[in-house]
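Read through the structure below, which is laid out as structure tokens, and then see the notes.
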Amino acid sequence: KLAGAIIPLQFTWYFSLQPPPCTFCVELKPKCGFLPTSKFVSHNVKREHSRFKMHQQLKASEARAHGKKCVVSKYDPLELFSYSPALVKESLEHMLDTPQNNIRVFADQKLIFAEGISGGKSALDQILKNENFHGSADTFLDVVVEILTREPLFNRVRSAQMMDDMDIEA
């Protein structure tokens, strides 16, 4: 289990040479970033769809069975782990649309965006303005994407996840 990540010093003053008016932290819980290839996987659907996407469908199905409404997230961990800037940004935007417990944003150690906040990127945009961020939510996400696609963090996480060659069925 990965407890956290350290961003190298060269990324800490990304916007300008002046100290930022606020320090931001983005906490991601990316979930499983690969499709299993284990011989122990007996259902082919597991080789075609991420575990997270399947759990989203199961959660929605169970909610409907109990007469409840459930919003299915469009987030797919495979996109976040792709290292493609466009896909990484899209996956972050999907996390913002339905945060569940997958993304949290802090400003000066204060939680400013998490599960329970609706409105996605436009909500984050307003929150960032309230925190004196000099830019849009798009700018903020672009910086996060830049960091995530430059650093080998997701490769390390995926390598650790892939050590489970039995999958949940074994």
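The values are calculated or read from the model by the stated rules, or taken from the named source; none is laboratory data. Only a predicted model underlies this, so the values are computations on that prediction, with no experimental measurement involved. Note that we place each Cβ from the backbone using ideal geometry, even for glycine, and neighbour counts take in every protein chain shown. Quick note on the areas: whole protein, heavy atoms, side chains included, nothing else; ligands and nucleic acids left out. Shrake-Rupley method; radii C 1.70, N 1.55, O 1.52, S 1.80 Å.
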### Query
Does the stretch 53-131 classify as rounded, prolate or oblate by the C-alpha gyration tensor (a ≥ b ≥ c root eigenvalues; a/c under 1.5 gives rounded; else a/b over b/c gives prolate, otherwise oblate)?
oblate
### Query
When the accessible area of the stretch 60-170 is split by element with a 1.4 Å probe, what percent falls to carbon and sulfur?
51 percent
### Message
Please compute the length gained on full extension between N130 and A86, using 0.36 nm multiplied by the number of residues separating them and subtracting their Cα-Cα distance.
### Response
13.1 nm
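Report, in debye and to the nearest 20, how large the dipole of the stretch 38-170 comes out about its Cα centre when Lys and Arg carry +1 and Asp and Glu carry -1 on their Cβ.
On the way: 18 positive and 19 negative charges, 87 e Å.
For the stretch 38-170, the charge dipole is close to 420 debye.
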### Message
Order Y75, Y83 by their accessible area, 1.4 angstrom probe, all chains in place, largest first.
### Response
Y83, Y75
### Query
Which whole-Hz couplings ³J(HN,Hα) result when phi for each residue of the stretch 126-141 is put into the Karplus expression 6.51 cos²θ - 1.76 cosθ + 1.60, θ = phi - 60°, listed in order with x for Gly and Pro?
5, 4, 4, 4, 5, 9, 6, 6, 8, x, 9, 4, 4, 4, 4, 5
### Query
Which residue, chosen from V105, F81, G67, occupies the Cα position most advanced towards the positive end of the dipole of the stretch 64-118, where the dipole is computed from +1 (Lys, Arg) and -1 (Asp, Glu) charges on Cβ about the Cα centre?
G67
### Query
Which value, in Å², gives the accessible area per residue of the stretch 50-103 when a 1.4 Å probe is used on the protein heavy atoms?
52 Å²
### Task
Enumerate the calculated ³J(HN,Hα) couplings along the stretch 54-60 in order (Karplus 6.51 cos²θ - 1.76 cosθ + 1.60, θ = phi - 60°), each rounded to whole Hz, writing x wherever the residue is Gly or Pro.
5, 5, 4, 5, 5, 4, 5
### Query
Do any of K31/K110; K53/K129; K69/K89; K68/K121 go past 29 Å between their Cα atoms, and which?
K53/K129
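Specify whether the C-alpha gyration tensor of the stretch 103-170 places it in the rounded, prolate or oblate class, a ≥ b ≥ c being the square roots of the eigenvalues: rounded for a/c under 1.5, otherwise prolate if a/b is larger than b/c and oblate if not.
The shape class here is prolate.
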